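Novice: Take this structure, written in C-alpha cells, and hold onto it; I'll ask about it next.
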C-alpha cells in the first residue's frame, strides 16, 4: 500500500535540504511542475542519479505516483536511505 504524504511533510523535508525531483518527461515538466522541482526523467535516471545527494531526503513525484515509485525502488536498491514517493503532481499543486 502506497503511503500518502501531506503538504506539511513535503515542506518539512524541503526545509532540511530535501531534493524535490520530478521524474516525468521534459514535455510534461514544462507544462507545469512543483516549485523548486528538478526534472530527472525516468528514462534517463540511471545516468542522472549521481547528481542526487545521498545524505539529504529525496522527494519523488510524477503524474500519478507510478513512475516515481519505480524510481524510489531503484534508488533504495542503489543505497539511498531517505527516499519518498510523494505521489502525483495534482496532489501537491495547492501546497
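Novice: Return the residues of region 10-21 that are under 11 Å from the mean Cα position of the chain (by Cα) and either closer than 17 Å to residue 80 by Cα or surrounded by fewer than 18 Cβ atoms within 10 Å (Cβ to Cβ) (or both); say none if nothing qualifies.
Specialist: If the condition is that a residue be under 11 Å from the mean Cα position of the chain (by Cα) and either closer than 17 Å to residue 80 by Cα or surrounded by fewer than 18 Cβ atoms within 10 Å (Cβ to Cβ) (or both), then 18, 19, 20, 21 are the ones that fit.
Novice: Still on this structure: For residues that are free of Cβ contacts under 8 Å to residues at least 40 places away in the same chain and in contact with a helix residue (DSSP H, G or I) (Cβ under 8 Å, 6 or more places away or on another chain), scanning just region 47-69, find the one that is surrounded by the most Cβ atoms within 10 Å (Cβ to Cβ).
Specialist: Residue satisfying both the conditions and the ranking: 60.
Novice: With respect to the numbered conditions (1) exposed (fewer than 15 other Cβ atoms within 10 Å of the Cβ); (2) touching a residue at least 12 places away in the same chain (Cβ under 8 Å); (3) at negative phi, which one is the sole condition not fulfilled by residue 36?
Specialist: Every listed condition holds for residue 36 apart from (3).
Novice: Something else now. How many residues does region 70-90 contain that are in a helix (DSSP H, G or I), in contact with a strand residue (DSSP E or B) (Cβ under 8 Å, 6 or more places away or on another chain) and surrounded by 14 or more Cβ atoms within 10 Å (Cβ to Cβ)?
Specialist: The number of residues fulfilling the criteria is 4.
Novice: Let me ask something else. What about residue 36, is it assigned to a loop (DSSP other than H, G, I, E, B), farther than 17 Å from residue 83 by Cβ and within 13 Å of the chain's Cα centre (by Cα)?
Specialist: For residue 36, the condition - assigned to a loop (DSSP other than H, G, I, E, B), farther than 17 Å from residue 83 by Cβ and within 13 Å of the chain's Cα centre (by Cα) - is met.
Novice: Quick one: how many residues across region 7-17 are under 13 Å from residue 35 (Cα atoms) and either in contact with a helix residue (DSSP H, G or I) (Cβ under 8 Å, 6 or more places away or on another chain) or part of a loop (DSSP other than H, G, I, E, B) (or both)?
Specialist: The qualifying residues number 2.
Readers should treat all values here as calculations from the given coordinates under stated rules, not as data from a laboratory. Fair warning: this is a prediction, and the values are worked out from it, not measured in the lab. We place every Cβ from the backbone using ideal geometry, glycine too, and count neighbours over all the protein chains shown.
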